[in-house]
Amino acid sequence: MKLNSQKLKYGFVQLLLCFVSFIAYSQNVTFTAGVDKNPVAADEQFTLEFTVTTNGASARSFKAPDLSKFLTLSGPNQSTSMQIINGSVSSSQSFSYVLQAREAGKFQIGSAMIDVGGSQFKSNVIDITVTKGSGQKRQQAQAQQGDAVDMGDNIFLRAIVDRSRVYQGEQITVIYKIYTRARIVNYTINKLPTMTGFWGEELQLPQQVNLTNEVVNGKQYQVGVLKKMALFPTQNGTLEINPMELTCQVQVQSKRRSNDIFDQFFNDPLFGAQTANVPLKSLPVKVTVLPLPQNNVPESFQGAVGKFSLNASLNKRSAKTNEPIALKATINGTGNVKILEAPKLKLPADFEQYDPKVKEDITRSGETINGSKSFEWLIVPRYPGDKKIPALEFTYFDIGQKRYVTLRTNEF
């Protein structure tokens with residue numbers, strides 16, 4: 001009896017591994033991994049899907065596990081959905097792969113990683129059994145709820161940029177807004193915009209989509225911001241922000257053509273509403289990017305564009321021979337903080353220096369990217385005597401002044 005109980009538990013665990021597994025809970029975040037079939041034949045395709053669900057927080061930096069034991073037929077395919085129930089927003093993002101096993105056996109798909117709100121989350125591992133090929137491949141049919149309808153200009157998606165002519169490296173803020181005169185039940189992002197020629201950072205939005213009223217061409221719409229990004233052009237010329245595509249489920253009135261008194265009664269809006277799928281696509285947006293000036297470029301310029309400040313400090317002014325000293329430089333400001341590089345440290349030959357420890361603190365709320373990035377070197381004097389540590393230099397291109405600005409610290 002005890003043996004049968006153990007077998008039952010083992011079978012139950014195997015069943016759970018088919019699509020459900022460990023869920024990581026923290027800050028109202030779940031990150032799961034699952035497959036649509038288990039076991040699977042060697043000649044059979046199966047879908048591996050990673051899904052992160054949050055209460056509106058942004059998820060980024062998805063890192064898939066090693067899938068080299070399988071043949072990747074498609075993926076990663078990304079989709080995003082959001083649901084609004086009684087004012088509460090729940091958003092989920094999925095990363096899926098269509099795989100096929102290379103051979104029969106038992107395999108383990110490791111954990112994926114993703115960043116939500118600055119915290120790292122790890123999905124469960126999946127144990128999958130691959131049997132010998134059956135010689136037949138199953139086909140899956142996907143059914144889509146609701147009939148597609150043409151809503152005219154009663155609902156549309158628009159990409160709006162705060163400027164269309166910038167310098168290379170200067171921030172552009174792009175906002176994706178949905179305009180509607182219909183009631184939206186739900187929506188799914190089918191395709192995120194591609195940003196060729198840009199470095200992109202997603203700007204934080206409230207957990208709930210706040211609707212405002214706007215008048216466009218004499219018509220009043222409810223408007224919600226779905227996505228907001230900071231883009232930094234990495235090349236000059238005419239660049240294009242490609243469209244975002246989504247499908248909205250909206251409520252529409254069903255059409256009844258009948259003289260029956262009961263049909264006329266039930267054609268009341270309370271009874272005649274049905275859900276329809278409406279595909280939406282924003283228009284591409286062109287941006288003119290000017291090159292940075294090529295004349296009199298300071299040697300210490302490494303690509304920073306924006307508005308910054310620089311300060312440096314030592315943890316001690318006197319030390320023994322072979323005793324490490326910490327030299328720290330911090331750059332603060334507005335711009336693409338992520339790409340800032342360390343100022344060049346030119347020490348006398350009797351110092352030994354180690355690669356700096358880098359720390360960044362970036363704020364992605366509001367309309368612009370700003371924050372700080374610090375570099376801390378350990379330097380070791382090898383000989384006694386009075387030493388001088390030269391000043392550090394950092395140069396950035398100031399958008400307001402349209403010129404290069406070089407900042408210098410004091411020497412130590």
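Quick note: the coordinates plus some simple rules give every number you see, no bench work behind them. Since the structure is predicted, the reported quantities are computational estimates derived from the model, not experimental observations. All Cβ positions, glycine included, derive from the backbone under ideal geometry; neighbour counts span all protein chains shown.
For this structure, a couple of remarks:
- Phi angles of region 241-251 translate, via the Karplus equation with coefficients 6.51, -1.76, 1.60 and θ = phi - 60°, into HN-Hα couplings of 8, 6, x, 9, 10, 8, 10, 9, 9, 10, 8 Hz per residue; Gly and Pro are given as x.
- Among residues other than TYR167 with Cβ under 12 Å from its Cβ, the summed charge is +2 (Lys and Arg +1, Asp and Glu -1).
- R0 of 30 Å, Cβ-Cβ distance LEU71-ASP127: FRET efficiency to nearest 0.05: 0.95
- Summary value for region 298-412: 34 percent relative contact order, contacts being C-alpha pairs under 8 angstrom separated by 6+ residues.
- Taking the charge dipole of region 301-408 about its Cα centre, with +1 at Lys and Arg Cβ atoms and -1 at Asp and Glu Cβ atoms, the residue from PRO324, ALA391, THR363 reaching farthest to the positive side is ALA391.
- Spin-label model distance (nm) - THR30 vs GLN220, 7 Å beyond Cα toward Cβ: 3.9 nm
- Ordering of 228-238, 206-216, 117-127 by packing is 228-238, 117-127, 206-216, highest average first (other Cβ atoms within 10 Å, averaged per residue).
- Pairwise centroid distance, computed over Cα atoms, of region 29-70 with region 279-317, Å: 36 Å
- Electrostatic dipole magnitude of region 261-397 [Cβ: Lys, Arg +1; Asp, Glu -1; Cα centre; debye, to 20]: 620 debye
- Distance from region 388-402 to region 184-227 (C-alpha centre basis), Å: 37 Å
- Judged by the mean number of other Cβ atoms found within 10 Å, the most tightly packed of the peptides 41-51, 349-359, 313-323, 283-293 leads the ranking 41-51, 283-293, 349-359, 313-323.
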